[in-house]
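See below for the structure under consideration.
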Amino acid sequence: MEKIKLKQTNIETSKLGLGTWAIGGFQWGGSDEQEAVKTIHAAFDKGIRLIDTAPSYGFGKAEELIGKALQSAGLNRSEITISTKTGLNWNEKGELFRDSTKSFIHKDVERSLRNLKTDYIDVYHVQWPDTLTPFHHTAEALNYLYKEGKIRAIGLSNFTTEQMDIFREAAPIHAIQVPHNLFERSSEDELLPYAENNEITTFFYSSLTRGLLSGQITENTHFPEGDVRRATDPKFQQPRFEQYMKTVNELNDLAQDRFQKNVLELALRWNLQQPGENISLWGARHPDQLSPMDGLWDFSIDDDTIKDIDEILMRSIHSPIGTEFMAPPNKQELYG
Ligand code: NAP
């Protein structure tokens, strides 16, 4: 497993991180707790040392399962990098909304520490920008926790470069989270250069486009009630779904021909070899989903193949679309 040191920090961790959105169950059609704990242990066994989570992943469920898995894993806390988030609150109906007020952040961090059964968080991200709260207030709250030692690094997720500039007037930014995978590349325009120019480590999320690039999804795949892909994610709706499925097949053929690999291995390798200091988050909720990890380290994608991949994407995806569907409302949008 390749290692990486987060810029401006002394945090060293694995370049591949386990994502736990699906483990939380909410928006993924439910959670199987035993499978979740086994998946986290399988990730550790394979050398993963970074886990990414958020209170919003199952309203604390994913964090609790990580806390449980850490206790039974037989590893020291200092061997694992925990990345969690704040900035999303929810009401009694289970509707998420953005909240980066100081009072919420101070309560939220204590709840995450309890859930995770730890006394510090390695990387603490604001999950979505709350434009109803001045960014200085949010930055001051994070900086306070940073100086207190409750968090070891500050991250921002889904922020624009302009919003980050304002935030940085009151607190350092050590990490950002952006969607980045073969099908979702808008961060290449501004966010990745911004991170590079400002000594910020980037976490790539949805490395497999929520399973689309696993090569296991077909027209007949059944997504359970409440799975975000069934109702909301536009890449999983027709007519786009067919376009993406055809492209996955084409990429799979290319991976077979050139490297004797499959599309999942190609997609993760592409992600891992992006220029700069980055972390790739791979979401999984069954231990065997991590088995392909062994096939990621013995090849690299050459420049000609990268051009061919880009050509396939340009030719096959007629109406590219990003991750806008994930964006939760702010309080005003929710309550009017
Ligand atoms: P992802 O990593 O692109 O895909 C995860 C899904 O792919 C899994 O849940 C699984 O689907 C499927 N999968 C994984 N390995 C597989 C295998 N070997 N065979 C078949 N299917 C496989 O998507 P993601 O979970 O959205 O992103 C990764 C992580 O990034 C998240 O878990 C979260 O920690 C983080 N994230 C952050 C943000 C943010 O706003 N900051 C947003 C999104 C994600 P099934 O579970 O259906 O089997």
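Just to verify a number: FRET efficiency for Ile166 and Gln273, C-beta to C-beta distance, R0 = 30 Å, to 0.05?
For R0 = 30 Å, the calculated efficiency reads 0.35.
Once fully extended, how much extra length lies between Lys46 and Tyr144, figured as 0.36 nm per residue of separation less the alpha-carbon to alpha-carbon distance?
31.8 nm
What ³J(HN,Hα) values, in whole Hz, does the Karplus curve 6.51 cos²θ - 1.76 cosθ + 1.60 give for the stretch 56-73 when θ = phi - 60°, with x put for Gly and Pro?
Using θ = phi - 60°, the values come out as 5, 7, x, 6, x, 4, 4, 4, 4, 5, 5, x, 5, 5, 5, 5, 9, 7 Hz.
His125's amide H: which non-local residues (gap 5+, or another chain) put their own amide H closer than 5 Å, with H modeled 1.01 Å from N in plane and none for Pro or chain starts?
Those lying under 5 Å, H to H, from His125 are Thr84, Lys85, Thr86, Gly155.
Going by a ≥ b ≥ c, the root eigenvalues of the Cα gyration tensor, does the chain fall in the rounded group (a/c under 1.5), the prolate group (a/b larger than b/c) or the oblate group?
rounded
Ordered by residue, what ³J(HN,Hα) values in Hz, to whole numbers, does the stretch 207-216 give under the Karplus form 6.51 cos²θ - 1.76 cosθ + 1.60, where θ = phi - 60° and Gly and Pro are x?
4, 10, 6, 6, x, 4, 8, 6, x, 9
Whose amide H sits under 5 Å from the amide H of Phe203, counting only residues 5 or more places off or on another chain, with H placed in the peptide plane?
Ile176, Gln177, Val178, Ile279
Treating the beta-carbon of each Lys and Arg as +1 and of each Asp and Glu as -1, no other charges, what is the dipole magnitude of the stretch 1-135 about its Cα centre, to the nearest 20 debye?
My answer is approximately 300 debye.
Taking H placed 1.01 Å from N in the peptide plane, check which residues at least 5 places from Asn330 or on another chain put their amide H under 5 Å from its amide H.
Hits under the 5 Å cutoff: Arg98.
Distance check, please: which entries in Lys117/Lys331; Lys7/Lys307; Lys38/Lys61 exceed 21 angstrom between their Cα atoms?
Over 21 Å Cα-Cα: Lys117/Lys331; Lys7/Lys307.
Using the Karplus curve 6.51 cos²θ - 1.76 cosθ + 1.60 with θ = phi - 60°, work out ³J(HN,Hα) for each residue of the stretch 122-135 in order, rounded to whole Hz, and write x for Gly and Pro.
6, 10, 10, 9, 8, 6, 9, x, 9, 6, 8, 10, x, 4
Determine the calculated [θ] at 222 nm for the chain from helices alone, applying -39500 (n - 2.57) to every DSSP H run no shorter than 4 residues and normalising by the residue count; nearest 500 deg cm²/dmol.
My calculation for the chain gives -11000 deg cm²/dmol from helical runs alone.
Please give me the summed charge of the neighbours of Lys150: other residues whose Cβ is under 12 Å from its Cβ, Lys and Arg +1, Asp and Glu -1.
Every neighbour counted, the sum reads -3.
Coordinate-derived values only; no laboratory data. The structure presented is a predicted model; accordingly, all values stated were derived computationally and were not measured. Positions of Cβ are backbone-derived with ideal geometry, glycine not excepted, and every protein chain shown enters the neighbour counts.
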